[in-house]
Amino acid sequence: MDGKGILIEGLRKRYGQGDTAVDALKGVDMHVEPGEVVGLIGPSGSGKSTLLKCLGAVIDPTAGSMTLGGEVIYDNGWKVRDLRALRRDKIGFVFQAPYLIPFIDVTDNVALLPMLARVPNAEARKRALDLLAALDVQHRAKAMPSQLSGGEQQRVAIARGLVNHPPVILADEPTAPLDSERAMAVIRILNDMARKFETAVIVVTHDEKIIPTFKRIYHIRDGVTHEEAGEGRGFQ
Ligand SMILES: Nc1ncnc2c1ncn2[C@@H]1O[C@H](COP(=O)(O)OP(=O)(O)O)[C@@H](O)[C@H]1O
Ligand SMILES: [Mg+2]
């Protein structure tokens, strides 16, 4: 670990309090190098989404520490003042559900984030179209989200998660609605982006098709992680 990438130490998350409290994370340790794509695997209710939400500054952890891109963002409390800016500038999210903006077209859904980050409009659109092409949905660039199939919407959402070249990408079951060829294309793109932009990527998945691509896998069970070597074919 050279200080970049992702480092998580002793991370805990308790939902609620008293008799109804749920300890969803019970001391998670994990690291992801820049340029690395790791898998996070575990049964339903094991804490996978909770971990990604803590790391993505969507919910507050209870204790522990998290370092992103060399910056300590949490150490028994948030260490960054502007969590919105942290989410916008450092983290690319790819959720299970696509959550596209319904009243703007596909290209603008992807180009909006770089535009908000003050990338000139033409450049933002070019980046969006390049990613849409890589994900094989460029023919839908001018469509509205409601006109797309579920798989197409998911690929647009993936383009949106990658478009700002964030140092960290958090993907929660990104290939769930995709057929195996498209699922592999998504994993290939995540690997390419990771290598090209030194991105640290965590992919939560149950998908048997993509699990053999990971070089390292974290298993999570009852809020505790265990590291394992993957089959590690990766994409070279
Ligand atoms: N907002 C919440 N309030 C209370 N308990 C929650 C909340 N979200 C998740 N949990 C609980 O935390 C545990 C981990 O959930 P989650 O992180 O969603 O697991 P996974 O994504 O692995 O299925 C589960 O026991 C779940 O019921
Ligand atoms: Mg989940």
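The values are calculated or read from the model by the stated rules, or taken from the named source; none is laboratory data. Nothing here was measured: the structure is a model prediction, and the numbers come from that model. Here Cβ is always computed from backbone atoms with ideal geometry, including for glycine, and neighbour counts include all displayed protein chains.
Brief remarks on what is shown
- Gln96, sole failed condition from (1) in a strand (DSSP E or B); (2) within 16 Å of ligand 2 (Cβ to nearest atom): (1)
- Residues being loosely packed, with under 14 Cβ neighbours inside 10 Å and touching a residue at least 40 places away in the same chain (Cβ under 8 Å) - total across the range 69-88: 1
- Of the candidates Asp207, Asp179, Asp136, Asp192, the single residue that is at pLDDT below 90, under 16 Å from Phe95 (Cβ atoms) and acidic (Asp, Glu) is Asp207.
- Thr62 away from ligand 2 (no atom under 16 Å from the Cβ) and either at pLDDT 95 or above or basic (Lys, Arg) (or both): yes
- Pairing residues of the range 170-181 that are farther than 23 Å from His31 by Cα and free of Cβ contacts under 8 Å to residues at least 60 places away in the same chain with residues that are more than 16 Å from ligand 1 (Cβ to nearest atom) and in a loop (DSSP other than H, G, I, E, B), at Cβ distances under 7 Å and at least 6 apart in sequence or on separate chains, gives Ser180/Lys209.
- Here the condition is being loosely packed, with under 15 Cβ neighbours inside 10 Å and either in contact with a Gly (Cβ under 6 Å, 6 or more places away or on another chain) or in contact (Cβ under 8 Å) with a residue 12 or more places away in the chain (or both); of Pro43, Pro34, it holds for Pro43 alone.
- Selection from the range 211-236 of residues that are in a strand (DSSP E or B), out of contact with any Leu (no Cβ under 7 Å at 6 or more places or on another chain) and at pLDDT 85 or above: Arg216, Ile217, His219, Arg221, Val224, Thr225, His226, Glu227
- Qualifying residue in the range 71-80 (condition: in contact with a Lys or Arg (Cβ under 9 Å, 6 or more places away or on another chain), small (Gly, Ala, Ser) and assigned to a loop (DSSP other than H, G, I, E, B)): no
- Among the residues of the range 16-31, those identified as more than 21 Å from Gln96 (Cα to Cα) and in contact (Cβ under 8 Å) with a residue 24 or more places away in the chain are Asp23, Lys26, Gly27, Val28, Asp29, Met30, His31.
- Remark: pairs (first residue in the range 143-164, of a type in the set (Asp, Glu); second residue buried (at least 20 other Cβ atoms within 10 Å of the Cβ) and in a helix (DSSP H, G or I); Cβ separation under 8 Å; 6+ apart in sequence or on different chains) = Glu152/Arg140.
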